[in-house]
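The values are calculated or read from the model by the stated rules, or taken from the named source; none is laboratory data. As the structure is a prediction and not an experimental result, all values here were calculated from the model. As a convention, Cβ positions derive from the backbone with ideal geometry for all residues, glycine included, and neighbour counts pool all protein chains shown. Only protein heavy atoms, including side chains, enter the accessible area calculation; ligands, DNA and RNA are left aside. Shrake-Rupley method; radii C 1.70, N 1.55, O 1.52, S 1.80 Å.
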Amino acid sequence: MEALVESLEKKLKTERLTGSEAILKCLIEEEVETIFGYPGGAIMPVYDALYDYEDQLKHILTRHEQGAIHAAQGFARSSGKVGVCFATSGPGATNLITGITDAQIDSTPLVCITGQVASHLLGSDAFQETDIIGISMPVTKWNFQITRPEEIPMALAKAFYIAQSGRPGPVLIDITKDAQQQSFDFTYEACERIRSYQPYPELKEQPLKTATELINQAKKPYLIFGQGVTLSGAEKELKEFVEKTGIPAASTLLGLSAFSTNHPLYVGYAGMHGNYGPNVKTNECDVFIAIGMRFDDRVTGDINTYAKQAKVIHIELDPAEIDKNIQTDVAINGDAKQALKALLPLVKSNDHEEWVKEFHECDKIEMDKAIQKSIQPTSELMTMAEVIHKLSIKTQGKSVVITDVGQHQMMAARYYQFDQPKSHITSGGLGTMGFCLPAAIGAKIGKPNREVIAIIGDGGFQMTIQELGVIMQYQVGVKILILNNSFLGMVRQWQQLFFDRRYSFTEMDNPDFIKIAEGYRIAAQRIEKREELNYAFDQWLNTKESSLLEIVVEKEENVFPMVPSGSCVSKIRLE
């Protein structure tokens, strides 16, 4: 009887809508409030319908489709919601591909909707036709082409379910122009399960038991956590686990901000430009616990020498990541939050004081050899490290920091002291230059009450500089910090260290960034002298509006420590 009533109620809710209206209705049903996008011919019916839904759906017009998808990524990662973007067919759709790939490798939930030529023109090489389904197949969690309007509710419901369940990722829905224009009887039902898709594997008892025995017996246990902790909302459980077991914990690049950097058991950031202790101790621990991380090559270096002496416990939601790069002794296939909840009552209270001290001894070596020189340089020009160190003190580690890709990215990861969850957003796996500015716009829209700071190099800034127009049009209060060394700094560093200083096409003549910002009606200032930094930061941070600060920094500063590509993490260079 109850089912019959429910069925009747659904029939009563049936509306006669065009495909375009149905797409927008689906988004409203999924509680979407903001869409990032750029219109064009094959998606014009959707944009026409959007004109009537402006009171329910806010659309942000970016200046390029790449800007739209990076903004959606920033929105998703700061808010924890699904990011949504629109693009037209052909070049509009292909301009999304870099961002989709970025989202796939960094596990960001997105629903991308692209217009397509009319169904009778498919395969005819019509104007702005491209096979976006074929192109996007390797870099999406799921994609689907709609050619009939009746398919829209089912496809959109599945898209949102797949994008945000299990290991999150991007979904692309391509819809032909005729399907957007035709009418049908619309009803919507959210997707709650798909028969062949199991996003949350059930935790198995035996691996938990074996892991507990190893952890309780370990003399030198060591833990590295990744973004899986943030995605599952396991920050509280991770802190309880670390404090109960007394195990020193380090972060990957994408794990940053899941655990306070001021915690006494936080031992730093592991990876190519991470801290000294977390890298060398990987090859000295007896039990290695990896939580929500995928053993990226920037973390492991040479996998043939990585943690070979240790029993490896890997807690990971995606079964494809287990034993892919590093062979594990105990694999716990499951959500990080659920796994930590299951382990917490089983592990015994402990401390590893002498073992933790060994990390702190490494900290002293790193401070002497690398950190001190970076944050208190003797050079005339400022260094990136000292600027970010100062910024961290000024903001007390409470801002949302978005970075682009390069030396400034590594400096931010090393010298910004993150104090709150969901405070660090960067392009980790793909390393996409041009990510920062639009991602910061999306992050600020996703979390309007938090201070969002975009830290960008002069190279990456010019890849998506046109998105300043979005900040101008929508008054998005992003603080932009350009660290200008007139070089593609990280490439130059590699040329210096590994290519005998042959600086091939990495030095840049830059435009006047201040005039450009002012052209977009954004307040801006440029400083070159150390004595100007304190006052400039105060002025820049104390305004609620968007503001740009360009700081001229040392041209040939290097990021140390460094594990040379493919080398053993124990052979990390301090200078």
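Couple of notes before you dig in:
- Summed over segment 411-431, the residues that are crowded, with 24+ Cβ neighbours inside 10 Å and either among the hydrophobic types (A, V, I, L, M, F, W, C) or farther than 26 Å from Lys239 by Cβ (or both) give a count of 6.
- Checked against the criterion of being touching a helix residue (DSSP H, G or I) at 6+ places or on another chain (Cβ under 7 Å), of a type in the set (A, V, I, L, M), more than 30 Å from His424 (Cβ to Cβ) and open to solvent by less than 10 Å² (accessible area, probe 1.4 Å), segment 139-147 contains one or more residues that satisfy it.
- Residue check, Thr261 hydroxyl-bearing (Ser, Thr, Tyr), open to solvent by 10 Å² or more (accessible area, probe 1.4 Å) and either part of a helix (DSSP H, G or I) or within 28 Å of Gly166 (Cβ to Cβ) (or both): no
- Pairs with Cβ under 6 Å, 6+ apart, first in segment 13-37 and among the hydroxyl-bearing types (Ser, Thr, Tyr), second in a loop (DSSP other than H, G, I, E, B) and open to solvent by 40 Å² or more (accessible area, probe 1.4 Å): Thr14/Thr187
- If the condition is being part of a loop (DSSP other than H, G, I, E, B) and open to solvent by less than 30 Å² (accessible area, probe 1.4 Å), then segment 432-449 contributes Thr432, Gly434, Phe435.
- Scan of segment 453-468 for residues that are over 24 Å from Val559 (Cβ atoms) and either without any contact (Cβ under 8 Å) to a residue 12 or more places away in the chain or open to solvent by less than 10 Å² (accessible area, probe 1.4 Å) (or both), ordered by number: Glu467, Leu468
- The residues of segment 80-119 that are surrounded by 20 or more Cβ atoms within 10 Å (Cβ to Cβ) and charged (D, E, K, R), listed by number, are Asp102, Asp106.
- Failed condition for Leu497, given (1) of a type in the set (A, V, I, L, M, F, W, C); (2) open to solvent by less than 10 Å² (accessible area, probe 1.4 Å); (3) within 26 Å of Pro278 (Cβ to Cβ); (4) out of contact with any helix residue (DSSP H, G or I) (no Cβ under 7 Å at 6 or more places or on another chain): (2)
- Within segment 381-409, tally of residues that are within 30 Å of Glu321 (Cβ to Cβ), out of contact with any Lys or Arg (no Cβ under 7 Å at 6 or more places or on another chain), of a type in the set (A, V, I, L, M, F, W, C) and open to solvent by less than 20 Å² (accessible area, probe 1.4 Å): 2
- Scan of segment 537-554 for residues that are modelled with pLDDT of 95 or more and in contact with a Lys or Arg (Cβ under 9 Å, 6 or more places away or on another chain), ordered by number: Phe537, Asp538, Trp540, Leu541, Ser546, Ser547, Leu548, Leu549, Glu550, Ile551, Val552
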